[in-house]
Structure formats: C-alpha cells, structure tokens
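For reference, the structure discussed in these notes is given below.
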Amino acid sequence: MESEQEQSSNEPKAKDRLVGLLDQIEVHVEQLRKDASRLEEEKDSLLTTLDTLRNNDILHVLEEPDRDDILRYAERLSMRCSTVDVLVTVQRDHVQEEALHQVSMYKRIDGLVISLRQDPSATRQKCAEFMNACSSHGIGHSDKIFETAILGCTLDDQKRVKKRLQGLLDYIDKMHILEMTQ
C-alpha cells in the first residue's frame, strides 16, 4: 500500500498528465473548428458562384432549351450542395447576437450577387463600402451603418463576413476582366 506521501507526490504528476492530454485535445478541437469553418466557406462560395451563374448575362445568349438545361443543372448542384450541413457555432452574448442580426438585415450581401447583373459597377462599389467597413485601413468610403453593426459582432463573425465580401469582390473583378476580354 502506498504511503500518503507517495500518493500526494503522484497526484501532481497525474494532474500534469491529464492537463497535457486536455491541451492536446484542445489543439484537435480548434483544428476541427478551423476545418469545419473552411468547409462552411467552401459551401458558401459554391452556392454564391451558382447564384451568380444563374444571374449571368451569358445565359441570355443561349437558346432557350440550352439555357433551361444550364439552369436545371445549376439548380441540381445547388440542391445537392444544400444537402451538406456543416455547423460551427459561435458563442455570442446578447449584444453580439443583435449586432449579427443587424448585419444579417444587410442580406444585401446576398442581394449584391443578384444586383450584379443589373448594375455591376454600383454593386462593386457597395461591396467595397461593406468591405471598407470591415477594415481599419480601408481605402475609400465605408458604409457607416454596416460598420457599426459589424463592429458589434464577434471576431469570428467579422472574419466570416469579411471573407465573404472579399470573395464577392474578387468574383466581380474577375467577371469585369472577362467582360473586357470579350
């Protein structure tokens, strides 16, 4: 039988081993969250690309049967992509929930994709204003209402919105370059 002294000297060692194990698990949990967030972003990017494709002017060049085929194909891919559910929950307090709701009211980010076909330059300008609102060193004008809302969000939410806006800006610029080459 162990003496009390041996038992008490083993307790810190056992605690250190358990803390070490928990530290390793924490690293794995954070990697899992990063991987899941990346998958969320990838899904969102695919859906945005499909939405943009469905609203692209090039579809109007196609004959109706071909256009319908393309739209059905895009819709099928959207539905298939929508069957993938990846969820990383961000813990928020009441103020952060309200701020995210304010940003979500700006579903204009989704609206930007739709308005891209009607007015690409105004859409790009509005997207840039939202992007500038997300950055402390933005160039040009920023949407102050959006900026107030985004600053109340968690850092994870701010990063997610900023990445989404950057992806949309990159896409708009890419589309503009393609139009110039045609």
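Once a ≥ b ≥ c are taken as the square roots of the eigenvalues of the Cα gyration tensor of the range 91-181, is the result rounded (a/c under 1.5), prolate (a/b larger than b/c) or oblate (a/b not larger than b/c)? Kindly include the intermediate steps, with their values, before the conclusion.
Working: a/c = 2.30, a/b = 2.04, b/c = 1.13.
Prolate, because a/c is 1.5 or more and a/b exceeds b/c.
On a straight-distance basis, which aspartates and glutamates could pair with LYS15 in a cross-link, Cα separation under 13 angstrom, same-chain partners fewer than 8 positions away excluded?
By straight Cα distance, LYS15 reaches ASP23.
Can you work out the FRET efficiency for the pair LEU32 and SER136, with r the C-beta to C-beta distance and R0 = 41 Å, to the nearest 0.05? Provide the component values of the computation, followed by the final result.
Numbers: r = 30 Å, r/R0 = 0.73.
According to the calculation, E is roughly 0.85.
ILE25 to ASN56: FRET efficiency via 1/(1 + (r/R0)^6), r the Cβ-Cβ distance, R0 45 Å, to the nearest 0.05?
Plugging the Cβ-Cβ distance into 1/(1 + (r/R0)^6) gives 0.45.
How would you rank 26-37, 113-124, highest first, on the average number of other Cβ atoms within 10 Å across their residues?
On the way: 26-37: 11.4, 113-124: 15.4.
The most tightly packed comes first, giving 113-124, 26-37.
Taking the chain as the reference, fit the longest principal axis to its C-alpha atoms, fit the long axis of helix 155-181 to the helix C-alpha atoms, and give the angle between the two in degrees, 0 to 90, nearest 10.
With both axes taken from Cα atoms, the answer is about 30 degrees.
Under 25 Å between alpha carbons, and skipping anything fewer than 8 positions from LYS159 in its own chain: which lysines qualify?
LYS159 reaches LYS34, LYS43, LYS107, LYS126, LYS144, LYS174.
Where Rh is the Kirkwood radius over the Cα pairs of the chain, the temperature 20 °C and the viscosity 1.002 mPa s, what D in µm²/s does Stokes-Einstein return?
Details: Rh = 19.8 Å.
Estimated diffusion coefficient is 108 µm²/s.
So, by mean Cβ neighbours within 10 angstrom, what's the order for 74-84, 144-154 with the highest one leading? Could the numbers behind the result be given before it?
Details: 74-84: 12.3, 144-154: 17.4.
In decreasing order of mean packing, 74-84, 144-154 become 144-154, 74-84.
I want the local charge near GLU40. Using Cβ-Cβ distances under 15 Å, sum +1 for each Lys or Arg and -1 for each Asp or Glu among the other residues. Let's see the in-between values first.
On the way: positive: ARG33, LYS34, ARG38, LYS43, LYS159, ARG160, LYS162, LYS163, ARG164; negative: ASP35, GLU41, GLU42, ASP44, ASP85, ASP156, ASP157.
Once all neighbours under 15 Å are counted, the net charge is +2.
Suppose each label sits 7 Å from its Cα in the direction of the beta carbon; what would the TYR73-LYS163 distance come out to in nanometres?
2.9 nm
Round to the nearest 0.05 the FRET efficiency obtained for ASP16 and GLU97 when R0 = 41 Å and r is the Cβ-Cβ distance.
In this case the efficiency is close to 0.60.
Ranked from highest to lowest mean number of other Cβ atoms within 10 Å per residue, what is the order of the peptides 50-59, 91-100? Before the final figure, lay out the partial values.
Details: 50-59: 15.4, 91-100: 13.5.
By packing density, highest mean first, the sequence is 50-59, 91-100.
Read-outs throughout are calculated quantities, based only on the coordinates presented, and are distinct from any laboratory measurement. Bear in mind the structure is a predicted one, so any value in this text is a computation, not a measurement. Don't worry about glycine lacking a Cβ; one is built from the backbone with ideal geometry, like all the others, and counts go over all protein chains shown.
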